[in-house]
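A.B. asks: Below: one structure in structure tokens.
Values quoted throughout were computed directly from the atomic coordinates according to the rules given, and no laboratory measurement underlies them. Just so we're clear, the structure is a prediction, and the values are computed from it rather than from any experiment. A quick note on method: Cβ atoms are made from the backbone with ideal geometry, for glycine too, and the neighbour counts reach across all protein chains shown.
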Ligand code: MEV
């Protein structure tokens, strides 16, 4: 990722016209003529026809940017595709607040995808599992050459694991997990091909019948996390005491950790940020949503994805979740506006993009909770709704 020395803090941007904002962003990100014209929508009918079946036209949504982000010390402006008022302004405000504490710190695991192979009618599951695990190296060797590009880039197969599902409505089954580092690819095709190729060997070893051979969207081997520490004084205003607001954010998060009814709304707010960046950067946002919500219920109880705490004059926040994203192939190759948006982000690799996305999710949650525990969400929301009536 190239570093931009200049600040992402854009004052007065909100009051400019679309054309003026375009000029500012084009200059900031050093867009060329093709990048600029991609901002008009980017996708044409030919490309739409290549992407899906039965295309009859195109469908547009607003493309906006959230300035003010600092992530791991780097100044970043984040592209967002979203129809909901308030989300963009909220994210820009939260990023400005987080700057008071040095911005967001992020990290991620290696980009390891999980594929599942379901084995039914296995005569002796324990013995079958032992045989499969005894043959692990040979099984992995058999499919090691399926994806030479991923391998050349340092990715490839990482492990094979066996799980027992003893009590399902269809009886006992064995599930074999294949773990593959897919580098900068989202990796759905790579892992699905590997599972389909390996399944007959597993049938032979287990004496069972392979049914599903497909990735898991609970990609909990492919996590990204973001944190921020903001001085509580940053939340002070004429109307509100900074400590009260920070304490309120902690208490609001506690509500969402304990109650699934609140957690669904809390996490929806996080996805306001995540999905908007995911759409702008050509990601499979349904996969991200499925993984995030499943991860939120990983201890058997659906909870907030975030942790917030107040200590020693700081509000501390953390969001960690699965983020299976890619910066090569698929939409990133076909959609000109996606390429332009990735360029605005400094052409990140998949892990860097996941970290930007998770920081956007944490920022969105911070903005929602800050508003909810102070003036409420409707004041800002209704002011923006009024724009639609003009
Ligand atoms: C609205 O789109 C999102 C919020 O409801 C999120 C939340 O309640 O935390 C404001």
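A.B. asks: If packing is taken as the average number of other Cβ atoms within 10 Å across a peptide's residues, how do 22-30, 100-108 rank, most packed first? Before the final figure, lay out each step's value.
C.D. replies: Values: 22-30: 15.7, 100-108: 19.7.
With the highest mean Cβ count within 10 Å placed first, the list reads 100-108, 22-30.
A.B. asks: Rounded to the nearest 0.05, what FRET efficiency do residue 251 and residue 386 give with R0 = 35 Å and r taken as the Cβ-Cβ distance? Could you check?
C.D. replies: For R0 = 35 Å, the calculated efficiency reads 0.70.
A.B. asks: For segment 112-215, what does the equivalent ellipsoid look like in terms of its semi-axes, each the square root of 5 times an eigenvalue of the Cα gyration tensor, given largest first in whole Å?
C.D. replies: Working from the Cα gyration tensor, I get semi-axes of 25, 14, 10 Å.
A.B. asks: Between residue 126 and residue 153, what is the label-to-label distance in nm when each label sits 7 Å out along the Cα-to-Cβ direction?
C.D. replies: Each label point lies 7 Å from its Cα, and together they span 4.4 nm.
A.B. asks: Using Cα pairs under 8 angstrom and six or more residues apart, how large is the relative contact order of segment 57-124, in percent?
C.D. replies: Taking the mean separation of contacting Cα pairs over the length of segment 57-124, I get 31 percent.
A.B. asks: Right, another one. How high is the relative contact order of segment 1-158, in percent, counting Cα pairs under 8 Å that sit 6 or more residues apart?
C.D. replies: 18 percent
A.B. asks: Now a separate question. Find how many whole Å separate the alpha carbon centroid of segment 1-63 from the alpha carbon centroid of segment 177-245.
C.D. replies: Taking the Cα centre of each part, segment 177-245 and segment 1-63 sit 28 Å apart.
A.B. asks: What whole number of Å gives the distance from the Cα centroid of segment 132-161 to the Cα centroid of segment 284-357?
C.D. replies: 27 Å
A.B. asks: Let me ask something else. How do 87-99, 237-249, 325-337 rank on mean C-beta neighbours within 10 Å, highest first?
C.D. replies: Those peptides, ordered most packed to least, come out 87-99, 325-337, 237-249.
A.B. asks: In nm, what is the difference between 0.36 nm times the number of residues separating residue 40 and residue 243 and their Cα-Cα distance?
C.D. replies: 68.7 nm
A.B. asks: Quick one: 60, 233, fewest Cβ neighbours within 10 Å first, how do they rank? The partial results should precede the final answer.
C.D. replies: Details: 60 10, 233 13.
With the fewest neighbours first, 60, 233 line up as 60, 233.
A.B. asks: When only C-alpha pairs under 8 Å and at least 6 residues apart count, what is the relative contact order of the chain, in percent?
C.D. replies: It comes to 22 percent, rounded to a whole number.
A.B. asks: Per 0.36 nm of contour for each residue apart, how much would the distance between residue 189 and residue 167 grow if the chain were fully extended, relative to their Cα-Cα spacing? Mind dumping the intermediate values first?
C.D. replies: On the way: separation 22, 0.36 × 22 = 7.92 nm, distance 3.01 nm.
Between residue 189 and residue 167, full extension yields an extra 4.9 nm.
A.B. asks: Right, something else. 7 Å from Cα along Cα→Cβ at both residue 299 and residue 18: what's the point-to-point distance in nm?
C.D. replies: A separation of 4.7 nm, rounded to one decimal place.
A.B. asks: Which order do 59, 255 fall in if you start with the one that has the fewest other Cβ atoms within 10 Å? Spell out each step's value before the answer.
C.D. replies: Working: 59 7, 255 15.
By the 10 Å Cβ count, ascending: 59, 255.
A.B. asks: Note the full-extension length gain between residue 60 and residue 134 as 0.36 nm times their separation in residues minus their Cα-Cα distance, in nm to one decimal.
C.D. replies: Value of the extension gain: 21.4 nm.
A.B. asks: What's the ranking of 7-15, 341-349 by average number of surrounding C-beta atoms within 10 Å, highest first? If you can, show how the numbers build up before the last one.
C.D. replies: Working: 7-15: 13.8, 341-349: 19.7.
Top to bottom by mean Cβ count within 10 Å: 341-349, 7-15.
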